[in-house]
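*Asks:* My structure is below; once you've seen it, I'll send some questions.
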Amino acid sequence: MITFCEFMRQAAAGPDEGYYTRHAGIGREGGDFLTSPETSPAFATLLALQIGELDRLLGSPDPFYLIEAGPGNGTLMGDLLTIFRKADPAFYSRVAPILCELPGVLEARQRERLREFDLVHPPRWITLPGKPGESSLALPEGWPPPGQGLVMGNEFLDALPVHRVRVAGGRWKECYVRSGPEGKIEEIWGEISEPSLSDLLRESFGEDLSRREGQETEICQDIPRVLSMLDQCLSSGFMLWIDYGDIGSELRSERRRGGTLQAYRSHRVSDRFLESPGQVDLTAFVDFSRVAKDLAGREYRLDGYTDQMSWLMGLGFEDWVQANADRLSEEAILEAGTLIHPLRMGRVFKVLLMSKKVKAGEIFEGFRFGGLRQPL
């Protein structure tokens, strides 16, 4: 019997049958889900404008670390490099792509996708080491020395393994997974697996659970470890996280009483979390308050937090549509619209920007519309 968190970890990252090491159905044809970069080139074009703004604030360093956590098929990094090569050759000559990925099928796709780029600073691949729950680790061999630049992740944090917990009989219970009769995988609920998880639940929900009966939620204990490792790549710079999620108080609200865990397969969402492990993408909403608080403890400054719709509009989404209207099909324009549609990707995705050892400037273009409660 193992915790659901360990089950999710193995299902996602197991070397033999893990979803992200062997299957990874990202894309339209034969895929399980679409990311924003796979949906429309508008995403990479507007993100490139944001990156240019960050580069100028850093004083145009050489190299500029462009570190992507969870690069998927390599679509976003490839699109960005194509844009920089054509629109900003000077930046293209300084950019140093660093892709944080598990060894396996996705790394192979990324290497194939980036083969065409003749860069002064060639792409390099790194893998997050360490054990769950560790919050500070030394840089492993092969990692780059600290430099200036950007750590970014689009739909990365939501795929980190989570503990599933619920209130039953006035107490927190945790979900475990075991092999039942005839080998069928089944869940059972038992005592909380470790004291640190109990501490996080008390911190988030308090001691009085009398009005929380039946409440379910997810806790990701890997966030401090992941942020710690990626932070060690930056002497100064930014972290930009784009993902499903919300601030902590909203995730603990009545509206999220049933939790946020979802399973994706063939572009359909289900609650069959234990079905076909390694063939299904499991995700849970990101607690952006926890991410921001952890980074603030590492001396990062909050520079922006908003939803994807406001962020892309602030970067000039309408201008992009007008500039490309003559060459885009109606279908392509509609697909671009899903990035900002409030009932599609526009509201559910949040965008968090934080900086370390960077002089405070004006409000960034992508965050000029604001409108959300801050995560700190």
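Each value in this text was obtained by applying a stated rule to the coordinates, not by laboratory testing. Values in this document were obtained by computation on a predicted structure and should not be read as measured data. Here the Cβ is made from the backbone with ideal geometry for all residues, glycine too, and neighbour counts use every protein chain on show.
*Asks:* For region 265-270, in order, what is each residue's ³J(HN,Hα) by Karplus, 6.51 cos²θ - 1.76 cosθ + 1.60 with θ = phi - 60°, in whole Hz (x at glycine and Pro)?
*Replies:* The phi angles translate into 8, 6, 6, 10, 9, 9 Hz.
*Asks:* For each pair in K86/K293; K173/K357; K86/K359; K184/K293; K184/K350, compute the distance between the two Cα atoms and list the pairs where it is over 31 Å.
*Replies:* Working: K86/K293 38 Å; K173/K357 42 Å; K86/K359 29 Å; K184/K293 40 Å; K184/K350 37 Å.
Flagged as over cut-off: K86/K293; K173/K357; K184/K293; K184/K350.
*Asks:* Using a 10 angstrom cutoff on alpha carbons, build the Gaussian network for the chain and name the most mobile of G78, G169, G366.
*Replies:* Its mean-square fluctuation being the largest, the pick is G169.
*Asks:* In the neighborhood of V120, defined by Cβ-to-Cβ distances under 11 Å, what is the net charge if each Lys or Arg adds +1 and each Asp or Glu adds -1?
*Replies:* So the surrounding residues net to -1.
*Asks:* Are there trypsin sites (Lys or Arg not before Pro) in region 291-346 that DSSP marks as loop and that have at most 11 other Cβ atoms within 10 Å, and which are they?
*Replies:* Here the sparse-neighbourhood loop sites are R327.
*Asks:* Between region 313-355 and region 45-68, what is the separation of their alpha carbon centroids in Å?
*Replies:* Comparing the Cα centres of region 313-355 and region 45-68, I get a distance of 21 Å.
*Asks:* Quick one: dipole size for the chain, taken about the Cα centre, charges +1 on Lys/Arg Cβ and -1 on Asp/Glu Cβ, in debye to the nearest 20. It would help to have the intermediate numbers written out before the result.
*Replies:* On the way: 43 positive and 56 negative charges, 93 e Å.
Result for the chain is approximately 440 debye, rounded to the nearest 20.
*Asks:* Taking K and R as +1 and D and E as -1, what net charge do the other residues with C-beta under 13 Å from the C-beta of D303 add up to?
*Replies:* Numbers: positive: R301, K356, K357, K359, R368; negative: E53, E362, E365.
Net charge around D303: +2.
*Asks:* Something else now. Using the Cβ atoms and a cut-off under 12 Å, what net charge is assigned to the surroundings of I185, where Lys and Arg are +1 and Asp and Glu are -1?
*Replies:* So the surrounding residues net to -1.
*Asks:* Something else: In what sequence do T82, T3 fall when counting other Cβ within 10 Å, fewest first?
*Replies:* Details: T82 16, T3 22.
Listed from fewest to most nearby Cβ atoms, that is T82, T3.
*Asks:* Can you tell me what share of the DSSP beta bridges in the chain is antiparallel? A percent to the nearest 5 is fine. Could the numbers behind the result be given before it?
*Replies:* Working: 37 of 62 bridges.
In the chain, DSSP labels about 60 percent of beta bridges as antiparallel.
*Asks:* For region 250-320, what does the alpha-carbon gyration tensor say about shape, rounded, prolate or oblate, given a ≥ b ≥ c as the root eigenvalues, a/c under 1.5 as rounded, and a/b over b/c as prolate?
*Replies:* Oblate shape, in that a/c is at least 1.5 and b/c is the bigger or equal ratio.
*Asks:* Still on this structure, please answer the following. Sequence-distant or interchain residues sharing an amide H contact under 5 Å with F33, placed H: which?
*Replies:* Amide H neighbours of F33, under 5 Å, 5+ apart: G27, H267.
*Asks:* Enumerate the amide H contacts of L139 below 5 Å, restricted to partners 5 or more residues apart or on another chain; note that Pro and chain-start residues carry no placed amide H.
*Replies:* Amide H to amide H, under 5 Å and 5 or more residues apart or across chains, L139 pairs with nothing.
*Asks:* For region 18-97, which GluC sites (Glu not before Pro) pass both filters: DSSP loop (anything but H, G, I, E, B) and at most 10 other C-beta atoms within 10 Å?
*Replies:* E29
*Asks:* Is the shape of region 162-301 rounded, prolate or oblate, going by the alpha carbon gyration tensor and its root eigenvalues a ≥ b ≥ c, with a/c under 1.5 for rounded and a/b larger than b/c for prolate?
*Replies:* It comes out oblate by the Cα gyration axes.
*Asks:* Given (1) 21.5; (2) 22.7; (3) 32.5 as candidate values of Kirkwood radius over Cα pairs in Å, which corresponds to the one derived from the coordinates?
*Replies:* From the options (1) 21.5; (2) 22.7; (3) 32.5, the structure gives (1).
*Asks:* Once phi is turned into θ = phi - 60°, what whole-Hz ³J(HN,Hα) does the Karplus curve with 6.51, -1.76 and 1.60 give for every residue of region 158-175, x standing for Gly and Pro?
*Replies:* Result, rounded to whole Hz: 5, 9, 5, x, 10, 8, 9, 9, 8, 8, 9, x, x, 9, 6, 10, 10, 7.
*Asks:* Could I ask something else about it? At most 13 other Cβ atoms within 10 Å and a DSSP loop assignment: could you name the trypsin sites (Lys or Arg not before Pro) in region 38-146 that fit? Display every interim value, and only then the final one.
*Replies:* Details: sites: R56, R85, K86, R94, R109, R111, R113, R115, R124; in loops: R115.
Listed in order of number, the matching sites are R115.
*Asks:* Now a separate question. Taking only Cα atoms and a 10 Å spring cutoff, compute GNM fluctuations for the chain and point out the largest among G337, G142, G153.
*Replies:* Most flexible of the set in this elastic network: G142.
*Asks:* In terms of modelled amide H atoms, which long-range or inter-chain residues lie less than 5 Å from the amide H of D281?
*Replies:* Y264
*Asks:* I need the phi-derived Karplus couplings for region 52-66: 6.51 cos²θ - 1.76 cosθ + 1.60, θ = phi - 60°, integer Hz, Gly and Pro marked x.
*Replies:* x, 5, 5, 4, 5, 5, 7, x, 6, x, 10, x, 9, 5, 10
*Asks:* With the cut-off at 1.5 for a/c, could you classify region 12-126 from its C-alpha gyration tensor as rounded, prolate or oblate?
*Replies:* prolate
*Asks:* Next up: Identify which of V105, V351, V280 has the largest mean-square fluctuation in a Gaussian network model of the chain, with springs joining Cα atoms closer than 10 Å.
*Replies:* Comparing V105, V351, V280 in a Gaussian network model of the chain, the most mobile one is V105.
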